[in-house]
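Quick notes on the structure that follows.
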Amino acid sequence: MRRTAIIAALLLGSAFSLSGCDKIKQAVSGKSEIKVVETEFPERVFWGDTHLHTANSVDAFGFGNRLGPEEALRFARGEEVTSSTGQKAKLARPLDFLVIADHAEGLGATKALYDAPRLLITDPTLRRWYDLMHQGPKGSLQATGEMLQARSQNKLPGGLNDPAKAEERTRKIWNDHLDTVDRYNEPGKFTAFFGFEYTLMQGGNNLHRNVIFRDNKDRVAKIMPLDPTNELWPDKLWDYMDGYEKSTGGKVLAIPHNANLSNGLMFMMTDPSGGPMTAAQARRRAAHEPVVEITQIKGDSEAHPFLSPNDEFAGYGTAGWDLNNLLNSQPTKPGDLAGSYVREALKRGLILEQTIGVNPYKFGVIGSTDSHSSLSTADDNNFWGKHPGVEPGPTRATDGFVPGINSGRMNWQSLASGYAAVWARANTRTSIFDAIQRREVYGTTGPRMTVRFFGGWDFKGDDLKGDWVHAGYRRGVPMGSDLGGHKGTGAPSFIVSALKDPVGANLDRVQIVKGWVDKGGKSHEKVFDVVWSDMGKRKPVGGKVPAVGDTVDLTRATYANSIGAPALASVWTDPEFDPAMRAFYYVRVLEIPTPNWVSYDAVKYHLTLTPDIPRKQQERAYTSAIWYTPA
């Protein structure tokens, strides 16, 4: 009972405490002996990673990862672990939740190959990869590069990737994984989800999804991760999800990621055959995939300068990632970009809804890492790279993305990104899952900024003087929702609030990105600066707010919070609202310039880098949108 009381006190004592939480209910989650208080409204944001790989992933082990799920969970909870390259690793601040999303395809296969007696390996390709992996880290990276190339050409040896032959191995690894995850799930303190990655790909065009279960082990243990081998589209995954929910009564969702590497296939305007998308197809996608991953190590998928030429902040983290597909097997054409970026997908969703009556792309957004090192970190000053081949060291800034392999990217193009921020009613599987399902989430490139966003019809500036969070829920809707209740000709108004990361940089500005579709079916977008630091001095010129300034000292990899603001808040009313047009609104929060991970490496290892390698950045947060639909 004392434990329950402590947890309740922590929740009720948060910064956004709501008056009148008179409908608090008791939720029993995870371990049955622990009762966790679930509040009426989300009172605090929970930070996590929905996309982490361990040594059980076929490529991660090949990259040199020797840390399993247990080490991954310990690291996420804030414990010190020893990385695969023998270095001590620890988060400065623990996460609240974690989803280990190992690849279902070839689960544990490279480890099994590595551990197999060489005399029993008869396939010459597998024997070559066995020998390379046993040569050491360089050989292991070479073997993994060849595996990825074979995967892009559908030429993987059956012994490595045959689901039938691997069933016994997969079942054992999956069951062991469930036991480990369950052991670390601690409702009210740290949530460990069950999940896996469905690594769907078409010749290197990325159509990957992470699959996350709401449920406890008793339900999830009844199924196995679904292997995507030989599939081209996500329909079989959605069948699998439907089957799971029907047979167990549980809940499961999927999160697409790296749309930026899909060469236009992630957010198509058509069905897979190239014909018109039907309402049933659109409805099915929206039902299974309520959010997408907008930012991660392999680039940022919010917006591209080619698609958004009037947005001076478009193109964050696109360098290098917009040239080719995931496996560098097919160049990206300008015509591919519209199907590869989130903002354009939100606009496409409005067009499709106007045409067929259903919006397949009415999704929220989160960030996550996609780290293959078992180390979930998006901190530039504590970045452990995509995989063990690029863990901290003097050459990783100038190495290739996979050292020694022609991956088409340099490692300095990797981002120390991102995290998922979830406005949930408690830190439990059910509460966090439900918040993701209702899209009350946002993504950041790493900093833990606290962002609130409410839409309604009668918000005024004076609301910020009172309990505006309560007002936001009572008189409006939070991020991820539909605006309803429009009457007359009034325009929607929005409450937006952003607090800096408590240990991070000040804020430059808060923007609202609006997209809409006109009566002729053409989509449009506009970025509004709604509140920024030093507004009295930084008067807009030609419609643009002047730059915030720059305090970055590259010789020491430091910055100063002498510019910017620790908190920004405003109530904004759309000045160009047309009640006849569908629209969406989302928030983008920008920090002041800070050093990126390359700069921290440059100072630590005394590097001299060429001018073409970026050394600073303006990190950011993206909220899920709020949609308006004409009556």
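The values are calculated or read from the model by the stated rules, or taken from the named source; none is laboratory data. Since the model is a prediction, treat every value here as computed from it, not as a measurement. Virtual Cβ from ideal backbone geometry, glycine too; neighbours counted across all protein chains shown. Protein only, heavy atoms only, side chains kept; ligands, DNA and RNA dropped before computing areas. Shrake-Rupley method; radii C 1.70, N 1.55, O 1.52, S 1.80 Å.
Taking each pair of different alpha-carbon atoms in the range 240-284 once, compute 1/r for the pair, average those values, and report the inverse of that mean as the Kirkwood hydrodynamic radius in Å to one decimal.
Hydrodynamic radius (Kirkwood, Cα only) of the range 240-284 equals 12.8 Å.
With r defined as the distance between the Cβ atoms of residue 279 and residue 90 and R0 fixed at 35 Å, what FRET efficiency is calculated, to the nearest 0.05?
Efficiency, rounded to the nearest 0.05: 0.10.
From the residues 296, 149, 203, which one has its Cα farthest along the dipole of the chain in the positive direction, the dipole being from +1 and -1 charges on Cβ of Lys/Arg and Asp/Glu about the Cα centre?
Comparing the listed Cα positions along the dipole, 296 ranks first.
Please work out how much accessible surface residue 266 shows to a 1.4 Å probe, ignoring ligands, DNA and RNA, in Å² rounded to 10.
About 0 Å², ignoring ligands and nucleic acids.
Evaluate the relative contact order of the range 193-255 (contact order divided by residue number), counting alpha-carbon pairs under 8 angstrom at least 6 apart; express in whole percent.
This gives 37 percent for the range 193-255.
Considering Cα pairs under 8 angstrom that are at least six residues apart, work out the relative contact order of the range 413-491 and quote it in whole percent.
29
Taking +1 at the Cβ of each Lys and Arg and -1 at the Cβ of each Asp and Glu, which of 50, 116, 83 sits farthest along the dipole of the range 40-156 towards its positive end, judged by Cα position relative to the Cα centre?
Of the listed residues, the answer is 116.
Using the crude model of +1 on Lys and Arg Cβ and -1 on Asp and Glu Cβ, and no other charge, please compute the dipole size for the range 72-222 relative to its Cα centre, in debye to 20.
Dipole of the range 72-222, to the nearest 20 debye: 180 debye.
Send over the semi-axes of the range 337-445's equivalent ellipsoid, whole angstrom and largest first, taken as the square roots of 5 times the C-alpha gyration tensor eigenvalues.
33, 21, 9
Rounded to the nearest percent, how much of the accessible area of the range 380-445 (1.4 Å probe, protein heavy atoms only) is carbon and sulfur?
Answer for the range 380-445 is 49 percent, counting heavy atoms of protein chains only.
Quick check on my link table: of 111/155; 35/90; 347/386; 251/460, which ones sit more than 27 Å apart, alpha carbon to alpha carbon?
Listed pairs above 27 Å: 35/90; 347/386; 251/460.
When the Cα centres of the range 171-249 and the range 561-588 are compared, how far apart do they sit, in Å?
Each part's Cα centre sits 37 Å from the other's.
Report the equivalent ellipsoid semi-axes for the chain in whole Å, largest first, defined as the square roots of five times the eigenvalues of the gyration tensor built from alpha carbon atoms.
Those come to 37, 28, 26 Å.
With charges set only on the Cβ (+1 for Lys and Arg, -1 for Asp and Glu), what does the dipole of the chain come to about its Cα centre, in debye to the nearest 20?
For this selection, approximately 620 debye.
May I ask you to list the aspartates and glutamates whose Cα is less than 15 Å away from that of residue 526, ignoring any residue fewer than eight positions away on the same chain?
Residue 526 reaches 302, 311, 312, 344, 518, 574, 576, 578.
Order these peptides, 563-572, 78-87, 616-625, by their mean beta-carbon neighbour count within 10 angstrom, highest first.
Order by mean packing, descending: 616-625, 563-572, 78-87.
Rank 593, 560, 512 by how far each Cα sits towards the positive end of the charge dipole of the range 501-631 (+1 on Lys, Arg Cβ; -1 on Asp, Glu Cβ) and give me just the farthest.
The residue sitting most towards the positive pole is 512.
Would you work out what percent of the accessible area of the range 273-367, with all protein chains in place, is carbon or sulfur (probe 1.4 Å)?
Looking at the range 273-367 in its full context, I get 58 percent from C and S.
What are the semi-axes of the equivalent ellipsoid for the range 466-593, taken as the square roots of 5 times the Cα gyration tensor eigenvalues, largest first, in whole Å?
Square roots of five times the eigenvalues give 31, 18, 13 Å.
Calculate the dipole size of the range 534-621 relative to its Cα centre from +1 charges on Lys and Arg beta carbons and -1 charges on Asp and Glu beta carbons; express the result in debye to the nearest 20.
140
Before rounding to the nearest 500, sum -39500 (n - 2.57) across all DSSP H runs of length at least 4 in the chain and divide by the residue total; then give [θ] at 222 nm in deg cm²/dmol.
Mean residue ellipticity at 222 nm (helix-derived): -7000 deg cm²/dmol.
Rounded to the nearest whole Å², what accessible area per residue is found for the chain with the 1.4 Å probe?
37
If the reach is capped at under 16 angstrom between alpha carbons, list the aspartates and glutamates near residue 604, excluding any in the same chain fewer than eight residues apart.
379, 380, 391, 553
Determine the relative contact order of the chain: mean sequence separation of Cα pairs under 8 Å and six or more apart, normalised by residue count, in whole percent.
That works out to 13 percent.
Collect residues whose amide H, placed 1.01 Å from N in the peptide plane, falls under 5 Å from the amide H of residue 401; neighbours closer than 5 in sequence don't count.
Under 5 Å from the amide H of residue 401: 407, 409, 410, 411.
Note the full-extension length gain between residue 398 and residue 518 as 0.36 nm times their separation in residues minus their Cα-Cα distance, in nm to one decimal.
That pair, residue 398 and residue 518, stretches by 38.5 nm at full extension.
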